[in-house]
Amino acid sequence: MNFARMDKHQIAATWQARCLRASSGKFAAVMMSIFFWVYDEQAAYLMWSVYGRSKDLQFPFFTGGATVVNSGQVVCDLNVGRVGERLKVKRNVKVFDTEGELIREFRNLADRLKLDDADRVAMTETVKKWLIADHRINYL
């Protein structure tokens, strides 16, 4: 997906923009973390399209990929710095109590937005890319 080559109306019609507009609070922060992780610099165009160019990142915010730890919680790093300060990151902050909670949140959002099958698959694949490790797996 190349958001830089799309106009504002094209971006607004994407499932990504629809999800951001429909989300708030922690879940919106999770969405932004996912989009910046998966789309890298392209995510800025998505954010500007949805929130406008005057929107700054609000601290704290999730950063990087997420991990499922042994307890089943989904964790991610949290940037707790302030603009102009040295980067301050809290490692492995709980985002969801379980992987099931993460799945349920995204499924409910997809249902609420009435996403078609192709968009649901694309959303699921994007979230999978954000989950970079699962420590519950036993390699013995």
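Worth pointing out:
- Candidates VAL75, VAL80, VAL89, filtered to the one that is of a type in the set (A, V, I, L, M), modelled with pLDDT under 90, surrounded by 13 or more Cβ atoms within 10 Å (Cβ to Cβ) and out of contact with any Asp or Glu (no Cβ under 9 Å at 6 or more places or on another chain): VAL80
- Comparison of SER33, SER71 shows that the only residue that is among the polar types (S, T, N, Q) and out of contact with any strand residue (DSSP E or B) (no Cβ under 6 Å at 6 or more places or on another chain) is SER71.
- Any pair with Cβ under 9 angstrom, 6 or more apart, that starts in the stretch 29-54 at a residue that is of a type in the set (Asp, Glu) and ends at one that is surrounded by fewer than 20 Cβ atoms within 10 Å (Cβ to Cβ): GLU41/ALA4
- If only residues of the stretch 1-56 that are surrounded by 14 or more Cβ atoms within 10 Å (Cβ to Cβ) and part of a loop (DSSP other than H, G, I, E, B) are counted, the one that is modelled with the highest pLDDT is THR14.
- Test: residue in the stretch 71-87 that is in a helix (DSSP H, G or I) and either among the aliphatic types (A, V, I, L, M) or under 15 Å from the mean Cα position of the chain (by Cα) (or both): no
The values are calculated or read from the model by the stated rules, or taken from the named source; none is laboratory data. Computed from a predicted structure; not experimentally measured. Neighbour counts are summed over all protein chains in view; Cβ atoms, including those assigned to glycine, are modelled from backbone coordinates with ideal geometry.
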